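Quick notes on the structure that follows.
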Amino acid sequence: MKNAMDVTFAEEVGSVPMCGGLQEDRFRNCRSGARACGGFAVLIGIGVMAGWLAGVEILKRVVPGLVAMHPLTAVCLILTGIAVILQVRGEGRRLARGLALVVFLVGLAKLAFLQVEWAFPFDTWFYRVVAGEYGKRYGGEMAESVALCFSLIGGALLLIDHTTVRGVRVSEYLAALAWLIALLAVVGYIYEARWLYGMALRIPMALNSAIAFLMLALGVLFSRPDRGLMAVVMSQGPGGLMARRMLPAMVLVFIGAGGLRISGEKHGFYTAEVGVVLHAVTSIGILGVFIFWCAGTLYHLDEERQRTEDERNRTEEERARFFNLSLDLLCVAGTDGYFKRVNPAFRQTLGFTETEMLSHPFTNFIHLDDIDATQSEIQTMANGQPSTHFENRYLCKDGTWKWLAWNTQPFPEEGLLYAVARDVTEKKEAELAILSLNEELTQQAARLESVNKELESFSYSVSHDLRAPLRGISGFAQALEEHAAGSLDDTGHAFLQRVQNAAQRMGWLIDDLLKLSRLSRADLKLQVVDLSDLAHAVVAGLRSAEPEREVEVTIDPDIQVAGDPALLRVVLENLIGNAWKFTSKTPDACITVTVRPGDPGKVICTVRDNGAGFDMRYVHKLFGAFQRLHAQMEFPGSGIGLATVQRIVRRHGGDVQATGEINHGAVFEITLEAVSERTR
């Protein structure tokens with residue numbers, strides 16, 4: 001079971017998917033800390049200046065009897081703190097460099113004057129202006145260690161974004177050195193060892209100055225947490241974790257152990273020799289605890305890393321299985337024009353081995369006519385735009401070509417293209433065949449249009465050219481009858497009557513032929529048609545023409561179909577008209593019009609009679625133009641009616657069937673489209 005220490009480690013190091021977010025949070029916290037350090041130094045400087053101006057000793061020296069901070073030191077702290085804050089914010093960096101340069105030059109000038117043993121007039125003058133008098137040894141001049149720290153911190157701020165050719169950031173080393181000097185002074189005050197905070201110099205560093213320099217040095221280091229040594233310290237790896245834990249522990253352990261030793265010796269608890277032993281043992285013990293803590297953390301880190309590595313390997317194996325088992329062509333290509341990885345489907349589809357595919361530019365496999373389009377598509381993807389269903393032809397090892405449809409996702413930052421392709425050769429060939437067929441159908445439609453126009457012209461010629469002779473024959477026969485009526489016997493009159501009847505019948509045939517031709521070219525206007533109403537209208541017309549006939553007619557109600565009402569009326573006129581005609585010699589004549597469901601979306605309408613019927617041996621002639629199964633004298637007609645019915649029904653997408661028996665009537669069934677939402 002993991003302990004609390006392991007949980008802390010897991011939260012700090014994090015799992016692989018969350019590393020980026022934790023790292024950014026850590027950097028953000030460092031920069032916030034850098035601003036806080038700069039602000040703390042500014043507050044110390046302002047407090048000291050207020051102490052000098054108001055005469056408040058605690059603000060100048062923290063603890064009565066200690067060294068007071070020089071007013072010039074306070075001003076330089078304010079400038080340095082502002083420079084740190086501006087460097088972190090990223091705004092006003094030119095001003096930050098200017099302030100850092102001022103501080104650097106002040107510290108450097110003070111050190112130079114001390115080196116040649118000259119009095120530094122600026123700090124004494126500044127003290128005289130603020131304090132109103134020339135100070136004594138402690139307070140009247142800036143301490144040598146303070147000047148050194150200002151030079152180091154100022155130089156670090158000036159070089160904060162500079163890196164040497166070997167990747168060394170000088171500013172980090174300058175800031176670290178200033179931090180150590182300040183730490184030495186703070187420890188000296190803790191241990192009450194003047195030598196440490198005075199460093200055997202003429203003027204010691206004030207306690208508040210030392211604390212301010214600690215903060216400023218940390219502010220410089222924390223302002224760039226993603227670079228140089230700080231990048232190592234703040235990293236998510238084991239090294240960063242060890243540094244973040246061991247560095248504070250080292251400082252606390254050694255300072256604490258040293259303080260306990262000195263305090264014990266000063267109060268007579270033990271001798272100097274025992275103090276040395278206790279100091280060593282205590283340091284070893286405390287450091288040992290920290291080392292074992294970090295070792296345990298690193299152990300769990302290695303376990304976590306191993307689990308993550310195993311999971312990554314399993315995931316990679318699963319991806320490899322999908323990659324290798326996919327029937328689609330999967331690949332990773334580079335923007336340099338080469339495949340980086342291809343799955344076995346490439347070999348199965350194109351015939352080339354993986355080595356052959358990877359060792360040649362992929363443009364070598366693309367059809368010459370498709371290279372320009374492919375290059376253009378790659379240029380588009382260079383901007384990160386994915387490609388969807390791009391098609392080109394790839395060479396097969398047997399010399400043939402296959403059409404491939406590509407879906408590609410580019411990753412410009414990696415210079416890679418992840419793509420999946422599918423063989424659409426059969427689809428493309430089918431599309432080309434369909435295009436060819438459509439073109440052929442278009443040509444046939446054009447030829448059919450031309451034939452229809454010729455047929456229309458022919459129909460007009462038939463109507464015009466044949467009617468003129470018929471009118472002549474009929475007219476001259478009638479004129480001959482009137483002119484020679486007295487000299488002709490009964491036989492002559494019969495011959496003239498037959499001539500006139502034949503001419504009249506020929507005229508009817510021409511009319512029916514023209515009607516049949518027009519019906520074939522008429523546009524269909526589909527709508528809901530009530531065949532029951534049409535049938536009643538047709539029967540009413542027949543009864544009006546022959547009122548003496550008594551025929552029993554039965555019509556199913558609400559026979560609704562989808563069709564052209566004008567053309568379907570012609571169908572019923574022919575079918576019911578034939579039934580009326582062929583029952584003229586039948587006692588108790590009966591005609592029925594019924595309907596029943598057919599195939600899905602179809603209905604079957606039936607016209608049945610009990611008339612003369614027909615011989616089923618000749619049913620194949622029934623729907624031919626001018627084909628008749630009865631004599632003209634027995635049942636007159638042109639032989640066009642049933643041909644017209646068949647043509648109209650087939651134009652409606654249906655069919656017509658006929659059955660019959662001599663002297664037992666006939667049955668005609670027509671299949672039409674049922675009413676649907678499309679035809680309402």
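The values are calculated or read from the model by the stated rules, or taken from the named source; none is laboratory data. Treat the numbers as computed from the prediction; the structure is a model and nothing was measured. Please note: Cβ atoms are built from the backbone with ideal geometry, for glycine as well, and neighbour counts cover all protein chains shown.
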Have a look at Gly51, Gly65, Gly81, Gly98 and point out the one that is closer than 19 Å to Val186 by Cβ, of a type outside the set (Ser, Thr, Tyr) and not in a loop (DSSP other than H, G, I, E, B).
Gly81
Among the residues of the stretch 295-315, are any at pLDDT below 80, of a type in the set (Phe, Trp, Tyr), farther than 30 Å from Pro344 by Cβ and assigned to a helix (DSSP H, G or I)?
yes
Scan the stretch 287-335 for residues that are exposed (fewer than 11 other Cβ atoms within 10 Å of the Cβ), among the polar types (S, T, N, Q) and within 30 Å of Ala421 (Cα to Cα) and report the count.
2
Qualifying position, being under 25 Å from Ala156 (Cα atoms) and at pLDDT below 85, among Gly92, Gly39, Gly65
Gly92
Being in a helix (DSSP H, G or I) and touching a Leu at 6+ places or on another chain (Cβ under 7 Å) narrows it down to one of Leu534, Leu575, so name that one.
Leu534
Looking at this structure, is Thr592 touching a Lys or Arg at 6+ places or on another chain (Cβ under 7 Å), closer than 13 Å to Thr606 by Cα and either surrounded by 15 or more Cβ atoms within 10 Å (Cβ to Cβ) or in the same structural domain as Gly665 (by TED's automatic domain parsing) (or both)?
yes
Val13: passes all of (1) surrounded by fewer than 20 Cβ atoms within 10 Å (Cβ to Cβ); (2) under 60 Å from the mean Cα position of the chain (by Cα); (3) modelled with pLDDT under 85 but (1)
Take the residues in the stretch 552-569 that are of a type in the set (A, V, I, L, M) and crowded, with 19+ Cβ neighbours inside 10 Å, then tell me which one is farthest from Arg596 (Cα to Cα).
Leu567
Can you tell me how many residues within the stretch 137-189 are surrounded by 18 or more Cβ atoms within 10 Å (Cβ to Cβ) and of a type in the set (Val, Ile, Thr)?
6
Pairs needed: first member in the stretch 585-597, under 24 Å from Ala674 (Cβ atoms); second member anywhere, polar (S, T, N, Q); C-beta distance under 6 Å; at least 6 residues apart or different chains.
Thr592/Thr554; Thr594/Thr606
Of all residues being outside any strand (DSSP E or B) and within 19 Å of the chain's Cα centre (by Cα) in the stretch 391-425, which is surrounded by the fewest Cβ atoms within 10 Å (Cβ to Cβ)? Just the residue, please.
Glu413
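Could you list all residues from the stretch 661-680 that are under 60 Å from the mean Cα position of the chain (by Cα) and modelled with pLDDT of 85 or more?
Kept after step one, since they are under 60 Å from the mean Cα position of the chain (by Cα), are these residues of the stretch 661-680: 669-680.
Answer for the stretch 661-680, where residues must be under 60 Å from the mean Cα position of the chain (by Cα) and modelled with pLDDT of 85 or more: Glu669, Ile670, Thr671, Leu672, Glu673, Ala674.
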Among the residues of the stretch 361-382 satisfying the criterion of being modelled with pLDDT of 90 or more, hydrophobic (A, V, I, L, M, F, W, C) and surrounded by fewer than 16 Cβ atoms within 10 Å (Cβ to Cβ), which is farthest from Trp401 (Cα to Cα)?
Ala373
Got a sec? Which of Ala320, Ala333 is in contact (Cβ under 8 Å) with a residue 24 or more places away in the chain and either among the basic types (Lys, Arg) or closer than 30 Å to Pro412 by Cβ (or both)?
Ala333
Check off (1) part of a helix (DSSP H, G or I); (2) modelled with pLDDT under 90; (3) not aliphatic (A, V, I, L, M) for Gly154 and give me the number that stays unchecked.
(2)
Test Leu568 against the stated conditions and say whether it is in contact with an Asp or Glu (Cβ under 7 Å, 6 or more places away or on another chain) and at pLDDT below 90.
no
Take the conditions at pLDDT 85 or above and surrounded by 24 or more Cβ atoms within 10 Å (Cβ to Cβ) and apply them to Leu214. Does it pass?
no
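Given the condition under 18 Å from Ser145 (Cβ atoms) and more than 46 Å from the chain's Cα centre (by Cα), answer yes or no: does some residue in the stretch 78-91 qualify?
Of the residues in the stretch 78-91, the ones under 18 Å from Ser145 (Cβ atoms) are 80.
Within this subset, residues satisfying the condition of being more than 46 Å from the chain's Cα centre (by Cα) are 80.
Yes; the residues of the stretch 78-91 include at least one that is under 18 Å from Ser145 (Cβ atoms) and more than 46 Å from the chain's Cα centre (by Cα).
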Can you find a residue in the stretch 600-621 that is of a type in the set (Phe, Trp, Tyr), surrounded by fewer than 20 Cβ atoms within 10 Å (Cβ to Cβ) and at pLDDT below 85?
yes
When Leu358 is evaluated against the numbered criteria (1) surrounded by 14 or more Cβ atoms within 10 Å (Cβ to Cβ); (2) over 21 Å from the mean Cα position of the chain (by Cα); (3) over 21 Å from Asp423 (Cα atoms), which criterion, by number, is the only one it fails?
(3)
Determine the pairs where a residue that is within 16 Å of Ala175 (Cβ to Cβ) and not assigned by TED's automatic domain parsing to the domain that holds Gly38, located within the stretch 78-92, has a partner that is part of a helix (DSSP H, G or I) and of a type in the set (A, V, I, L, M) with Cβ atoms under 8 Å apart, the partner being 6 or more residues away or on another chain.
none
